[in-house]
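Trainee: Structure provided below as structure tokens; questions to follow.
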Amino acid sequence: MSLSAEGTVTSKGQVTIPKRIRDELGLSAGTKVEFVLDEDGTIRVRPKEPPLQRLRDVKERLAAHEVDIEKMRRESKDEWSSHLEADDT
């Protein structure tokens with residue numbers, strides 16, 4: 001579903017998020033938001049999640065793509081180990 005609404009930037013750089021957008025995102029007073037500027041100039045606004053929750057979300061998305069996280073962890077550990085061993089010589 002796509003929603004569109006307009007806002008105006010004030011002289012202080014503030015924009016009020018339209019009510020129907022706030023309602024859809026579950027935003028209330030005091031909710032922290034994150035602005036993401038994409039390469040094409042598009043700005044996305046989303047509720048800011050705590051870092052641990054963001055990591056859980058990434059893990060869930062990876063699980064949906066049948067990525068072997070343990071294999072990635074082992075490969076990463078092996079790669080870092082080889083760099084550390086090279087520094088010891």
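The values are calculated or read from the model by the stated rules, or taken from the named source; none is laboratory data. Because the structure is predicted, anything quoted here is derived from the model rather than measured. Don't worry about glycine lacking a Cβ; one is built from the backbone with ideal geometry, like all the others, and counts go over all protein chains shown. Remember, those area values only see protein heavy atoms, side chains included, never the ligands or the DNA or RNA. Shrake-Rupley method; radii C 1.70, N 1.55, O 1.52, S 1.80 Å.
Trainee: Heavy-atom accessible area per residue, the chain, 1.4 Å probe: how many Å²?
Mentor: Per-residue value: 93 Å².
Trainee: Follow-up question, since we're still on this one. For residue 71, which aspartates and glutamates qualify as cross-link partners when the Cα separation must be under 17 Å and same-chain residues fewer than eight apart are set aside?
Mentor: Partners within reach: 60, 79.
Trainee: Relative to the compact-globule scaling 2.2 N^0.38 Å, provide the ratio for the alpha-carbon radius of gyration of the stretch 11-84. Mind showing how you got there, number by number?
Mentor: Values: Rg = 18.5 Å, N = 74, 2.2 N^0.38 = 11.3 Å.
Against the compact-globule rule of thumb, the ratio is 1.64.
Trainee: I'd like the FRET efficiency for residue 75 and residue 37, computed as 1/(1 + (r/R0)^6) with the beta carbon distance as r and R0 of 41 Å, rounded to 0.05.
Mentor: 0.80
Trainee: To the nearest 0.05, how large is the calculated FRET efficiency for residue 44 and residue 19 if R₀ is 22 Å and r is the Cβ-Cβ distance?
Mentor: 0.70
Trainee: Sticking with this one: Amide H to amide H, which residues 5 or more places from residue 48 or on other chains are under 5 Å from it, using H placed in the peptide plane?
Mentor: 32, 33, 34
Trainee: May I ask you to list the GluC sites (Glu not before Pro) in the stretch 1-69 that are in a DSSP loop and have at most 12 other Cβ atoms within 10 Å of their Cβ? Don't skip to the answer; put the middle values down first.
Mentor: Numbers: sites: 6, 24, 34, 39, 60, 66; in loops: 6, 39, 66.
For GluC sites (Glu not before Pro) across the stretch 1-69 that sit outside H, G, I, E and B with at most 12 neighbouring Cβ atoms in 10 Å, the list reads 6, 39, 66.
Trainee: Using θ = phi - 60° and the Karplus relation 6.51 cos²θ - 1.76 cosθ + 1.60, list the HN-Hα couplings for the stretch 56-69 in order, rounded to whole Hz, with x at every Gly or Pro.
Mentor: 3J(HN,Hα) across the stretch 56-69, in whole Hz: 4, 4, 4, 4, 5, 5, 5, 4, 5, 9, 6, 8, 7, 5.
Trainee: Scan the chain and report its longest stretch carrying no trypsin sites (Lys or Arg not before Pro) that are both in a DSSP loop and have at most 14 other Cβ atoms within 10 Å.
Mentor: Longest run free of exposed loop sites: 49-89.
Trainee: A further question on this structure: Over 30 Å between Cα atoms: which of 12/32; 32/59; 32/77 fall into that group?
Mentor: Beyond 30 Å: 32/77.
Trainee: Could you please state how large a percent of the accessible area of the chain is carbon and sulfur, counting protein chains only and using a 1.4 Å probe? Write out the running numbers ahead of the final one.
Mentor: Numbers: 4380 of 8320 Å².
So the carbon and sulfur contribution to the accessible surface is 53 percent.
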